Each structure stands twice: as C-alpha cells, then as structure tokens.
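The values are calculated or read from the model by the stated rules, or taken from the named source; none is laboratory data. Bear in mind the structure is a predicted one, so any value in this text is a computation, not a measurement. Backbone-built Cβ (ideal geometry, glycine too); neighbour counts: all protein chains shown. Each accessible area value is taken on the protein alone, full model and side chains, heavy atoms only, with ligands, DNA and RNA left out. Shrake-Rupley method; radii C 1.70, N 1.55, O 1.52, S 1.80 Å.
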Amino acid sequence: MAFQKPTGTQDLLPGTVEKWQFIEEKARDLCRRFNYGEIRTPIFEQTSLFERGVGETTDIVEKEMYSFQDKGERWMTLRPEGTAGVVRSYVENKLYGDPDLTKLYYIGPMFRYERPQAGRQRQFHQFGVEAFGATDPAIDAEVVALGYQYCVELGLKGVKVEINSVGNPASRAAYRDKLLAFLLPMKDTLCKDCQSRMERNPLRVLDCKVDQDKFGGAPSILDSLDEECSTHFAKVQELLTAMDIDYVINHRLVRGLDYYTHTAFEYKAEGIGAIDTIGGGGRYNGLVADVGGPDQPGIGMALGLERIALILEKQEVGLTAAKPLDVYLISLGEAADQEISKLLFKVRKAGYSAEKDYLGRKMKAQMKSADRMQAKYTAILGDDELERGEIALKSMESGEQRTIKLHELVDALK
C-alpha cells in the first residue's frame with residue numbers, strides 16, 4: 001500500500017468512534033454539572049509558549065515536541081499539552097476581567113514524539129479542565145474530584161488518586177538543598193538526564209522513570225513546607241476525605257511539568273501494564289504571570305483518553321457503541337424509489353435516523369442491510385402501495401407488520 005497512517009497515530013472507525021463519542025459526551029455532561037465552559041484553542045502555538053509555560057527542563061520540551069518553522073520563519077509547535085494554550089488564551093482574551101471564577105474545559109488532540117506503546121500515542125487526546133482566579137483549597141479539591149468522578153461514571157474500576165504538595169518557591173528552595181544533599185552521593189549512578197537536571201531543577205529528578213528505585217530514601221518535600229503551604233495541603237486533604245475520594249499521599253510526586261505550585265496529583269488505574277497513570281494535574285499560581293498576564297492563580301487537570309479507552313476495554317466495561325437505526329426504507333420499483341427518497345429526507349428532518357438502498361438490490365438484500373444496521377423498523381414501499389398512498393411498516397424485533405398511510409409514517413415512528 002502506498003500510504004499508511006503515521007507511526008503513533010490511529011484511525012478511529014465507525015463501530016469504535018461511537019465509544020469515543022460516549023467518553024467525550026460524559027466529559028461534557030460532567031463539566032456542565034460542575035459549571036465549566038468549553039474552550040477550543042489552536043492545535044499549534046508559538047514554540048516559546050511551551051518553553052516558558054511547560055519548562056525547558058521537562059521531557060516534553062527537551063525531547064518530545066513537534067516543532068517546525070512556518071513560511072514566515074517563526075517557530076511553531078503542535079501542542080504537547082493543553083494548559084499552556086488555555087493560559088495564553090485566558091491572558092490574550094482578558095478573561096481575568098470576569099468578576100467570577102473562570103472555569104474552562106477542553107477535549108482534543110495533543111502531540112508528543114515518543115516511542116508508541118499501549119495507551120501512549122504520538123497523537124493522543126486529552127480531556128482537561130482549568131480554573132483561574134482563586135487560591136481557595138476548595139477549588140483544588142473540586143478539580144481533583146471532577147477527574148475522579150469522571151473515571152467513576154465511565155465505569156473504571158480501582159481508580160485511586162495520589163496527591164502531594166510541591167509548595168511555593170520559598171519551600172522548594174529549602175527542599176532543594178536537602179534533596180541535593182541526598183542526590184549528590186549517587187550522581188554518577190544516575191542516568192544522563194538526571195545528572196543534567198540535578199543542576200538545573202533537582203525536583204525533576206524525582207520524576208525519572210529510569211532511576212525511580214533509587215529514590216526510596218529521598219527526603220519528603222512535605223517536611224520543608226512553610227505554614228501557608230502546610231495549611232493549604234491539609235485543607236485539600238480534609239475536603240477530599242469529606243467527598244469520599246480515594247486518595248493517598250505520595251511525597252515523591254512532582255509531575256513532569258515545571259509550572260506546578262502547592263497541590264499536585266495523579267490518577268492511577270490498573271489495566272495497561274507498567275503504565276498506571278491515566279492523568280493528573282496541579283496548581284500553577286505563577287503561570288499566568290509567566291505568560292504575560294496578571295498574577296492570577298490557577299489549577300487544572302488532564303486525563304489521557306487513549307489510556308482510559310484501553311483500560312475500559314481491558315476491564316471489559318461495556319460502552320455504548322453504534323446506535324441502532326430508527327428505520328430502513330425499502331423501495332420496490334422505480335416510482336416507489338423516487339418516493340422513498342422524499343420520505344427519507346422527511347423522516348430525517350423529523351429527527352429520526354434513516355437509510356435506504358443506493359445499490360439497486362433486491363428486497364432480500366435490502367432486508368439484510370437493514371438487519372446489519374440494527375434497524376428498529378423497515379418501511380416497505382412498492383409501486384402498488386404507492387398508488388394507494390400506503391406503506392408497510394415492520395417491527396424488526398417482533399416481526400409485526402402493518403399498513404399505514406404514507407403521510408402517517410413519521411407519526412407511526414413515535
């Protein structure tokens with residue numbers, strides 16, 4: 001074959017795409033209940049936005065971005081995550097002028113160059129939310145709870161939340177010294193990425209997947225939190241407990257992005273081998289200012305839809321697939337076929353799903369087609385019935401058939 005889909009991408013075909021539509025509609029319904037409005041940002045942005053927003057020492061910026069120069073010799077990048085673009089839009093469109101909290105959600109494709117594996121694609125999809133304007137720990141708990149409830153309502157089993165506090169700049173500065181004292185004696189045994197990050201951003205070392213087994217005795221950042229950070233984190237835990245959210249504290253959790261402050265969290269689920277993280281998020285109180293806006297606090301989370309879809313399949317959670325057809329219109333004769341085309345549009349206009357044969361097949365073949373499409377009814381029209389202004393309506397489930405007037409077809413489907 002001359003052309004194939006790019007490595008790390010997939011075609012979502014009818015029969016599968018309906019399950020994705022169900023996953024996406026569940027996200028939209030939940031956001032409606034939590035009062036989040038949808039935002040759609042460009043799929044590509046200036047490369048510098050991600051370098052500044054995501055962080056130059058992250059795997060995303062260092063290794064995984066799809067970047068290119070456009071015809072104006074500007075560096076652009078296919079978005080590797082959703083938060084930076086939403087923050088840019090929040091600033092550019094002056095949404096911070098709204099007197100109420102700005103609560104947004106997005107669903108869409110992201111792009112990262114990495115080795116494809118189960119639940120990890122080069123073009124992947126995320127559902128995420130962002131909330132701007134409040135430092136209240138209650139909004140942290142709300143965002144964590146929204147992602148958790150989404151997983152629960154989809155039917156995912158064994159979902160847990162891991163949480164941590166990465167503090168504020170002052171707390172992290174104090175923790176940095178303790179962490180470096182722990183890491184320096186083992187520096188030569190760590191991977192090259194860890195050795196590089198140790199100088200620039202030692203907290204990122206804890207996010208390494210290669211040397212994770214060496215960090216069991218690492219000092220906890222929770223011991224370096226000041227009173228403000230400790231109080232904030234304690235309140236988040238108190239609220240999550242009150243909501244019956246199944247969470248545990250992981251003091252080594254730092255997430256793979258540089259912009260987090262205070263609360264950081266991940267969602268875990270079993271079903272895709274060694275990779276058990278299906279999403280996460282955290283608070284980013286300095287990011288809006290870093291992107292050029294006012295000093296507004298923010299918090300967000302994102303979930304990987306490929307990973308969720310895969311786990312749902314592994315856990316054998318049944319999702320709504322293709323919906324059955326309301327009616328399949330069958331014509332027998334040239335004049336009847338012309339009338340069926342008119343009826344087809346009328347039925348669709350009335351809000352029903354309908355189909356007819358376009359291949360000139362006999363009635364038996366048309367009935368098989370109706371059966372394959374799981375049609376609830378077939379409506380059969382021959383030239384003789386047309387002369388009488390009638391049509392036969394048959395229930396495919398019961399086999400019952402009755403004759404009705406042509407103009408009664410839409411009402412009969414009710």
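Quick check: anything in region 81-92 in a strand (DSSP E or B), within 16 Å of the chain's Cα centre (by Cα) and of a type outside the set (Ser, Thr, Tyr)?
Checked against the condition, which is being in a strand (DSSP E or B), within 16 Å of the chain's Cα centre (by Cα) and of a type outside the set (Ser, Thr, Tyr), region 81-92 yields no hits at all.
Would region 155-174 turn up any residue that is in contact with a helix residue (DSSP H, G or I) (Cβ under 8 Å, 6 or more places away or on another chain), assigned to a loop (DSSP other than H, G, I, E, B) and polar (S, T, N, Q)?
Yes, region 155-174 contains a residue that is in contact with a helix residue (DSSP H, G or I) (Cβ under 8 Å, 6 or more places away or on another chain), assigned to a loop (DSSP other than H, G, I, E, B) and polar (S, T, N, Q).
What residue, of LYS94, LYS160, LYS103, is modelled with pLDDT under 95 and open to solvent by 10 Å² or more (accessible area, probe 1.4 Å)?
None of the others qualify; the one that does is LYS160.
If you check LEU329, LEU319, LEU310, LEU325, which single one turns out to be of a type in the set (A, V, I, L, M), at pLDDT below 95 and under 30 Å from ASP411 (Cα atoms)?
Answer to the selection: LEU325.
Residue check: is LEU325 of a type outside the set (S, T, N, Q) and either loosely packed, with under 13 Cβ neighbours inside 10 Å or closer than 30 Å to GLU153 by Cβ (or both)?
It is true that LEU325 is of a type outside the set (S, T, N, Q) and either loosely packed, with under 13 Cβ neighbours inside 10 Å or closer than 30 Å to GLU153 by Cβ (or both).
Among the numbered conditions (1) part of a helix (DSSP H, G or I); (2) farther than 30 Å from PHE124 by Cα, tell me where LEU240 comes up short.
Among (1) part of a helix (DSSP H, G or I); (2) farther than 30 Å from PHE124 by Cα, the lone unmet condition for LEU240 is (2).
For every residue, the table says whether it meets (1) of a type in the set (Asp, Glu); (2) part of a loop (DSSP other than H, G, I, E, B).
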site: GLU316; (1), (2): yes, yes
site: LEU329; (1), (2): no, no
site: GLN338; (1), (2): no, no
site: GLN366; (1), (2): no, no
site: ALA370; (1), (2): no, no
site: GLN374; (1), (2): no, yes
site: ALA379; (1), (2): no, no
site: ASP384; (1), (2): yes, no
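So for region 19-42 (the condition being more than 15 Å from the chain's Cα centre (by Cα), over 24 Å from ILE308 (Cβ atoms), outside any loop (DSSP other than H, G, I, E, B) and of a type in the set (A, V, I, L, M, F, W, C)), does at least one residue qualify?
Scanning region 19-42, I find no residue that is more than 15 Å from the chain's Cα centre (by Cα), over 24 Å from ILE308 (Cβ atoms), outside any loop (DSSP other than H, G, I, E, B) and of a type in the set (A, V, I, L, M, F, W, C), so the answer is no.
Table: residues versus (1) open to solvent by less than 40 Å² (accessible area, probe 1.4 Å); (2) over 24 Å from the mean Cα position of the chain (by Cα); (3) modelled with pLDDT of 80 or more.
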{"residue": "ASP207", "(1), (2), (3)": "yes, no, no"}
{"residue": "ASP244", "(1), (2), (3)": "no, no, yes"}
{"residue": "GLY256", "(1), (2), (3)": "yes, no, no"}
{"residue": "HIS262", "(1), (2), (3)": "yes, no, yes"}
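Pick from ASP70, ASP100, ASP140, ASP59: which is more than 20 Å from the chain's Cα centre (by Cα), within 30 Å of ALA242 (Cα to Cα) and not hydroxyl-bearing (Ser, Thr, Tyr)?
ASP100
Residues being over 16 Å from LEU344 (Cα atoms), among the charged types (D, E, K, R) and surrounded by 11 or more Cβ atoms within 10 Å (Cβ to Cβ): count how many of those fall in region 371-387.
Within region 371-387, residues that are over 16 Å from LEU344 (Cα atoms), among the charged types (D, E, K, R) and surrounded by 11 or more Cβ atoms within 10 Å (Cβ to Cβ) number 4.
Starting from residues that are surrounded by fewer than 22 Cβ atoms within 10 Å (Cβ to Cβ) and of a type in the set (D, E, K, R), keep the ones in region 109-141 and report whichever is nearest to GLY37 (Cα to Cα).
ASP136
Pick from region 43-56 the residues that are in a helix (DSSP H, G or I) and farther than 23 Å from THR102 by Cβ: which of them is farthest from the chain's Cα centre (by Cα)?
Filtering first and then ranking leaves SER48.
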